[in-house]
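Step one of this worksheet: look at the structure below.
The values are calculated or read from the model by the stated rules, or taken from the named source; none is laboratory data. Quantities reported herein were computed from a predicted structural model and do not represent experimental measurements. Neighbour counts are summed over all protein chains in view; Cβ atoms, including those assigned to glycine, are modelled from backbone coordinates with ideal geometry.
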Amino acid sequence: MPYSAVFLGIAGLIPFIAMPLLVITDSLSLSEGARYFTQYSAVLLSFFGGVHWLDALQHNRTNHQLYVAMLPTIIGWLCLVFSGDVKVLGVLSVSYIAILFYDKFTLTLPQKIVIAYTTVRMALTTVVVICHAVMIVLLT
């Protein structure tokens, strides 16, 4: 996996880590931190659908993958619509885990790339889910 992809993946964690820390240190109000966190999470989740959209188009698939590619965007949008509810953070968190497993078993990239991609994604997703759990605790 290219170093730049790993670097950008790690950099993508900054808002997930920063929002809870800013709330804990009273540098940002809980309501603002939760709103910004939810917005970033929803936007980033929608990004993962693009991986499957491209994979389905490149491999001329007519099965479920093209439809599933739209789910992260729809889920992300619905989470923005209902962002005042703490359950939204749980939905986002579970969605990250679900799309990771779907990636692992569906992508038709060369096996070496899929293994590297899912290994990096597993580490990044773990941090993302932990950050969601911290925000949920802060909100309850």
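Annotation: Ser27 fulfils all but one of (1) at negative phi; (2) surrounded by fewer than 17 Cβ atoms within 10 Å (Cβ to Cβ); (3) at pLDDT below 95; the unmet one is (3).
Applying the criterion of being of a type in the set (Phe, Trp, Tyr) and out of contact with any helix residue (DSSP H, G or I) (no Cβ under 8 Å at 6 or more places or on another chain) to the residues of segment 70-105, the residue that is nearest to Leu139 (Cα to Cα) is Phe101. If the condition is being more than 19 Å from the chain's Cα centre (by Cα) and of a type in the set (S, T, N, Q), then segment 53-87 contributes Gln58, Asn60, Thr62, Asn63. Assessment of segment 108-131 against the conditions (surrounded by fewer than 13 Cβ atoms within 10 Å (Cβ to Cβ), closer than 17 Å to Ala34 by Cβ and hydrophobic (A, V, I, L, M, F, W, C)) yields no matching residue.
Any residue at all in segment 106-115 that's in contact (Cβ under 8 Å) with a residue 60 or more places away in the chain and out of contact with any Cys (no Cβ under 6 Å at 6 or more places or on another chain)? Yes: one or more hits. Where helices (runs of 4 or more DSSP H) fall wholly inside segment 48-116, the ranges with 1 or more residues that are under 18 Å from Gly9 (Cβ atoms) are 71-81, 87-106. Quick check on segment 11-27: of everything there that is among the aliphatic types (A, V, I, L, M) and under 16 Å from Val137 (Cβ atoms), which residue is nearest to the chain's Cα centre (by Cα)? Across segment 11-27, the extreme among qualifying residues is Ile17.
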